[in-house]
Amino acid sequence: MLTLSSWRARFDRLTDTSEVAEQVDGSISGYLTNKRIGWYVHRGDLVVPESVDNDMALVVDGDMIVHGFLDDYVSDVGLLVVLGDLVVRDLVSWGSVYVAGDLRAEGVVYGYYNDYTFEVAGKVHARALVLDDKDSDYRTGELEAEIDSYSPTKKQYRTARDIFVPEVYDDGVERARRGKLPRLDRPSYHLVCSRLHEGLPLFQ
Amino acid sequence: MLISRHRVLCCGQGKDVCTEMDELVSEAWRAATPKSRLRELADQDPRLARIVASRIGLSAKLAEELAVRASGAGGSDSAEGTAQGDVRVLRALAAQPATSPQRLTLLAQHADEQVRRSVALHRSTPKPALRVLLGDASAEVRRALAAREKLPRKIAAALLTDASADVRLALARRFEANPDHLRALARDPDPRIRRVVAALGHADGADLSDDDVRTRRIAVDRCGLEELAPHLDRLVRDPDAGVRQLCAYMRHNHSPAPLAVLAADPVPTVREYAAMNWYTPAEALAALAGDTDLRVLERISDNPFTPPQALAAVVEAVPSDLDGSSPSPMRSIISQLLDHPAIPPEALRALYAKNPPYFHMNDAMGQSNWPPDLVIEFALSYSAPVEGEEELRSYAEIDAARRSEPLDQVLATMLSSPIHCARRAAAANRHTPPQALAEYVRTADPEREEYGLDGVARNPSTPVEILNAWAAAGERHYELLKNPSLAASVLEAIAADDSTEYASQARRILEVRGYRAGTEETC
């Protein structure tokens, strides 16, 4: 897994974030104008050839394509602003993600925890979008399953349960051993993250 | 920006065309789309071809097919005659992990700068292609080369003298920058590069005398005590106040002569940090007590090694009858003076006469330096009205005795009073006779008299054997460290007990005491 700050020589310090802050629309502008956060910028499209740990505050002035999963809570909390599209295998986010275009994930997009934000000005396309207590703003694209941040329905839980493996649910393995389906709940953020890091499948 | 661009292109073509294109874009990205369909999509529209070329998990075979098609029939990889759409496909392929080394070698000579830039960064680009890129006319391409993950040593060495400062800067900022290369860049003409090298600590001291102010600041901030010490005589006279301020920090400077210079600096923030530093000489701290800047006085009143006469001088600067809305530094100054372990009794009396805000009798009874008449007054006022025959009798005895007997004897009497706050005030006060304190410790119930015994630990009149015993037993280290006349043996016992968080503080006090030997004045 690549730690994004190890690529620091490819990025420039973004001392004046006001121009980017004017381009984006949402809570992320508060992070962009926060003088205590040291932002960096990548000019043009950014292609990462493997899974990536975003440990920095980065603006990508183009598209970002990650040939693996993106996790922004491994070595530090990451903040990411993509002014084009973001394409990933999977995205697990404790920090902030802002995408000006579309967000496309082959697998899961999981936004977790009530600090930081999840904002997509375009549409979110993914196999499953799971939000848990996350300040979020997005439009729905192609999604097989979607679990809302604050008031998910039983139908949303059922649809997600139909596609996820039981191992991503708390007590899921134990219940499967007893021939039962996982409880109607969100997949566990921690179990999803650990399975991604171990290279184990999330979906049936 | 794939979609954004696509949306612009759709504009004016009608909703149906947009929707259809949206669907094709989604199909081109979708993981389950079969390879045969991807070929069709790539043939259909250059925008879709670019998406296919960017796909996660693209096969090497399809990547090569797309490259051949985008490069033209001859596969020359020349941008001349290549459609713009095709160039975008090649840009995508130059960053695509599935692209082969052979194709990357060809793309390294493509006319498009962005294509070559991506090739320079690609993990699979072979060394001969990297050598070609080393001579690239575009600084952006060479900069990408300098920033790539694995950079052959000879190419890195060649980039050290690149004509472009941005290229050399990228080399310095590499995650695994070679220390020899960093040392070579320490004398680079571009200050941005020297700053990076200074921050990484590879300038071998050259950064401390750099022409660039920011480089010098970074260098000083990164230096440890020993590393900085030989340069301090010069740095404390640096034309930049930021450099001088950094030199005044306690983590950078324990040297008396340079600190004395900084304590007399014309810039208040520099004096402020000198006033905070425990190693600033007593005479310099005394001089700072007359400073006109409140922030400096605030730091002086918080420095545990400020000499008593300097604290008394700060008290003189406190105005009378301040209200709660007085400026913030003055509020801190008063609070810190009231709590300072070295403040002389008469200075406390003078401060009390000014009717300071934030004064609490309860706090004063726990402080060791209050004059005896005042602390007795506080104890009687605070405990009134007392209840019960014993307390009433004791109250009357203390009240009568303070008018007729020596006050140290009154304090000794208070230690055996049934009135709790009378015992507590006498236990903490330095005017209470040592023998009375020893007797109090011998007979006190440790649980019931916890606060009183804590006061004894802070009291400079307490016999050293008692303090030694507590220090060795790991008891009351926090309170002992507030005692202004703590014997070295007590400090050594605390310093030796690494199980507590106070050991390092005790070691630091011993170190400062050693440094100040012969100059320290006791309260």
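The values are calculated or read from the model by the stated rules, or taken from the named source; none is laboratory data. In this text the structure is predicted, and so the values were computed from the model without any measurement. Note that each Cβ is placed from the backbone with ideal geometry, even for glycine, and that neighbours are counted across all protein chains shown.
Scan region B:450-460 for residues that are assigned to a loop (DSSP other than H, G, I, E, B) and surrounded by fewer than 20 Cβ atoms within 10 Å (Cβ to Cβ) and jot them down. Full working, then the answer.
As a first pass, look at region B:450-460 and keep what is assigned to a loop (DSSP other than H, G, I, E, B): B:459-460.
Matches in region B:450-460: B:Pro460 only.
Give me a count of the residues in region B:274-294 that are part of a loop (DSSP other than H, G, I, E, B) and either on the phi > 0 side of the Ramachandran plot or touching a residue at least 60 places away in the same chain (Cβ under 8 Å) (or both).
Within region B:274-294, the subset part of a loop (DSSP other than H, G, I, E, B) is B:277-281, B:289-293.
With the extra rule that they be either on the phi > 0 side of the Ramachandran plot or touching a residue at least 60 places away in the same chain (Cβ under 8 Å) (or both), the set shrinks to B:278-279, B:281.
So the count comes out to 3.
Given the criterion outside the structural domain of B:Glu479 (by TED's automatic domain parsing), on the phi < 0 side of the Ramachandran plot and among the hydroxyl-bearing types (Ser, Thr, Tyr), identify the matching residue among B:Ser394, B:Ser332, B:Ser381. Full working, then the answer.
Details: B:Ser394 fails: outside the structural domain of B:Glu479 (by TED's automatic domain parsing); B:Ser381 fails: outside the structural domain of B:Glu479 (by TED's automatic domain parsing).
Among B:Ser394, B:Ser332, B:Ser381, only B:Ser332 is outside the structural domain of B:Glu479 (by TED's automatic domain parsing), on the phi < 0 side of the Ramachandran plot and among the hydroxyl-bearing types (Ser, Thr, Tyr).
Residues that are surrounded by 23 or more Cβ atoms within 10 Å (Cβ to Cβ) and within 12 Å of another protein chain (Cβ to nearest Cβ): does region B:221-229 have at least one?
no
Can B:Ala139 be described as touching a helix residue (DSSP H, G or I) at 6+ places or on another chain (Cβ under 7 Å), buried (at least 18 other Cβ atoms within 10 Å of the Cβ) and either modelled with pLDDT of 95 or more or not β-branched (Val, Ile, Thr) (or both)? Walk me through it before giving the result.
On the way: touching a helix residue (DSSP H, G or I) at 6+ places or on another chain (Cβ under 7 Å): yes; buried (at least 18 other Cβ atoms within 10 Å of the Cβ): no; either modelled with pLDDT of 95 or more or not β-branched (Val, Ile, Thr) (or both): yes.
Criteria not met by B:Ala139.
Okay, residues lined up against (1) at pLDDT 95 or above; (2) farther than 23 Å from A:Asp162 by Cα; (3) within 10 Å of another protein chain (Cβ to nearest Cβ); (4) surrounded by 24 or more Cβ atoms within 10 Å (Cβ to Cβ):
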| position | (1), (2), (3), (4) |
| --- | --- |
| A:Trp94 | yes, yes, no, no |
| A:Val97 | yes, yes, no, yes |
| A:Ala105 | yes, no, yes, yes |
| A:Val108 | yes, no, no, yes |
| A:Tyr112 | yes, no, no, yes |
| A:Glu119 | yes, yes, no, no |
| A:Gly122 | yes, yes, yes, no |
| A:Arg127 | yes, no, yes, no |
| A:Val130 | yes, no, no, yes |
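Could you go through region A:144-153 and let me know if any residue there is surrounded by fewer than 16 Cβ atoms within 10 Å (Cβ to Cβ), among the polar types (S, T, N, Q) and under 20 Å from A:Val97 (Cβ atoms). Show your work before the answer.
Taking region A:144-153 first, the residues surrounded by fewer than 16 Cβ atoms within 10 Å (Cβ to Cβ) are A:144, A:148, A:150-151, A:153.
Going one step further and asking which of them are among the polar types (S, T, N, Q), we end up with A:151, A:153.
Then keep just the ones that are under 20 Å from A:Val97 (Cβ atoms); that gives none.
No, region A:144-153 contains no residue that is surrounded by fewer than 16 Cβ atoms within 10 Å (Cβ to Cβ), among the polar types (S, T, N, Q) and under 20 Å from A:Val97 (Cβ atoms).
Go over the candidates B:Glu475, B:Glu492 one by one and state the one that is part of a helix (DSSP H, G or I) and without any contact (Cβ under 8 Å) to a residue 40 or more places away in the chain.
Numbers: B:Glu475 fails: part of a helix (DSSP H, G or I).
Among B:Glu475, B:Glu492, only B:Glu492 is part of a helix (DSSP H, G or I) and without any contact (Cβ under 8 Å) to a residue 40 or more places away in the chain.
Condition check: under 24 Å from A:Val24 (Cβ atoms), within 14 Å of chain B (Cβ to nearest Cβ), touching a Ser or Thr at 6+ places or on another chain (Cβ under 9 Å) and not in a loop (DSSP other than H, G, I, E, B). Does A:Gly101 satisfy that? Steps first, answer last, please.
Details: under 24 Å from A:Val24 (Cβ atoms): yes; within 14 Å of chain B (Cβ to nearest Cβ): yes; touching a Ser or Thr at 6+ places or on another chain (Cβ under 9 Å): yes; not in a loop (DSSP other than H, G, I, E, B): no.
Answer is no for this residue.
Of the residues in region B:23-40, how many are in contact (Cβ under 8 Å) with a residue 12 or more places away in the chain, within 14 Å of another protein chain (Cβ to nearest Cβ) and either more than 16 Å from A:Leu86 (Cα to Cα) or assigned to a helix (DSSP H, G or I) (or both)?
Filtering region B:23-40 for residues in contact (Cβ under 8 Å) with a residue 12 or more places away in the chain gives B:24-25, B:27-29, B:31, B:35, B:38-39.
Now restrict to residues that are within 14 Å of another protein chain (Cβ to nearest Cβ): B:24-25, B:27-29, B:31.
From what's left, either more than 16 Å from A:Leu86 (Cα to Cα) or assigned to a helix (DSSP H, G or I) (or both): B:24-25, B:27-29.
Adding up the residues that qualify gives 5.
Yes/no matrix, rows are residues, columns are (1) crowded, with 17+ Cβ neighbours inside 10 Å; (2) over 43 Å from the mean Cα position of the chain (by Cα):
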| residue | (1), (2) |
| --- | --- |
| B:Arg403 | no, yes |
| B:Leu407 | yes, yes |
| B:Val410 | yes, yes |
| B:Ala427 | yes, no |
| B:Arg430 | yes, no |
| B:Ala436 | yes, yes |
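Does region A:156-168 include one or more residues that are crowded, with 24+ Cβ neighbours inside 10 Å, over 27 Å from A:Leu14 (Cβ atoms), away from every other protein chain (no Cβ under 14 Å) and among the aromatic types (Phe, Trp, Tyr)? First the steps, then the outcome.
Kept after step one, since they are crowded, with 24+ Cβ neighbours inside 10 Å, are these residues of region A:156-168: A:160, A:164, A:168.
Applying the additional criterion that residues be over 27 Å from A:Leu14 (Cβ atoms) yields A:160, A:164, A:168.
Narrowing the set further to residues that are away from every other protein chain (no Cβ under 14 Å) leaves A:160, A:164, A:168.
From the residues that got through so far, the ones that are among the aromatic types (Phe, Trp, Tyr) too are A:164.
Yes, region A:156-168 contains at least one residue that is crowded, with 24+ Cβ neighbours inside 10 Å, over 27 Å from A:Leu14 (Cβ atoms), away from every other protein chain (no Cβ under 14 Å) and among the aromatic types (Phe, Trp, Tyr).
Identify, by number, the condition in (1) under 14 Å from B:His420 (Cβ atoms); (2) among the polar types (S, T, N, Q); (3) assigned to a loop (DSSP other than H, G, I, E, B) that B:Ser394 doesn't meet.
The single condition B:Ser394 does not satisfy is (3).
When region B:165-214 is examined, which residues are found to be over 22 Å from B:Val243 (Cβ atoms) and touching a Ser or Thr at 6+ places or on another chain (Cβ under 7 Å)?
Across region B:165-214, the qualifying residue is only B:Phe175.
Which one of A:Glu146, A:Glu50, A:Glu142 is at the interface with chain B (Cβ under 9 Å from one of its Cβ atoms), of a type in the set (D, E, K, R), assigned to a strand (DSSP E or B) and closer than 27 Å to A:Val165 by Cβ? Even if it seems obvious, please write down each step before you answer.
Values: A:Glu146 fails: at the interface with chain B (Cβ under 9 Å from one of its Cβ atoms); A:Glu50 fails: assigned to a strand (DSSP E or B).
Sole residue among the options that is at the interface with chain B (Cβ under 9 Å from one of its Cβ atoms), of a type in the set (D, E, K, R), assigned to a strand (DSSP E or B) and closer than 27 Å to A:Val165 by Cβ: A:Glu142.
For region B:303-311, indicate whether the set of residues that are exposed (fewer than 15 other Cβ atoms within 10 Å of the Cβ) and outside any loop (DSSP other than H, G, I, E, B) is non-empty.
no
Considering only helices (runs of 4 or more DSSP H) fully contained in region B:89-206, which possess at least 1 residues that are within 14 Å of chain A (Cβ to nearest Cβ) and not aromatic (Phe, Trp, Tyr)?
Details: elements: B:101-107, B:113-121, B:127-134, B:139-147, B:153-159, B:165-172, B:179-185, B:191-200.
Output list reads B:101-107, B:113-121, B:139-147, B:153-159, B:165-172, B:179-185, B:191-200.
How many residues are without any contact (Cβ under 8 Å) to a residue 60 or more places away in the chain, buried (at least 23 other Cβ atoms within 10 Å of the Cβ) and away from every other protein chain (no Cβ under 14 Å) if we restrict to region A:63-78?
Result for region A:63-78: 1.
Matching residues to (1) within 14 Å of another protein chain (Cβ to nearest Cβ); (2) assigned to a loop (DSSP other than H, G, I, E, B); (3) touching a Gly at 6+ places or on another chain (Cβ under 7 Å); (4) surrounded by fewer than 21 Cβ atoms within 10 Å (Cβ to Cβ):
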position: A:Asp16; (1), (2), (3), (4): no, yes, no, yes
position: A:Glu19; (1), (2), (3), (4): no, no, no, yes
position: A:Gly26; (1), (2), (3), (4): no, yes, no, yes
position: A:Lys35; (1), (2), (3), (4): no, yes, no, yes
position: A:Leu58; (1), (2), (3), (4): no, no, no, no
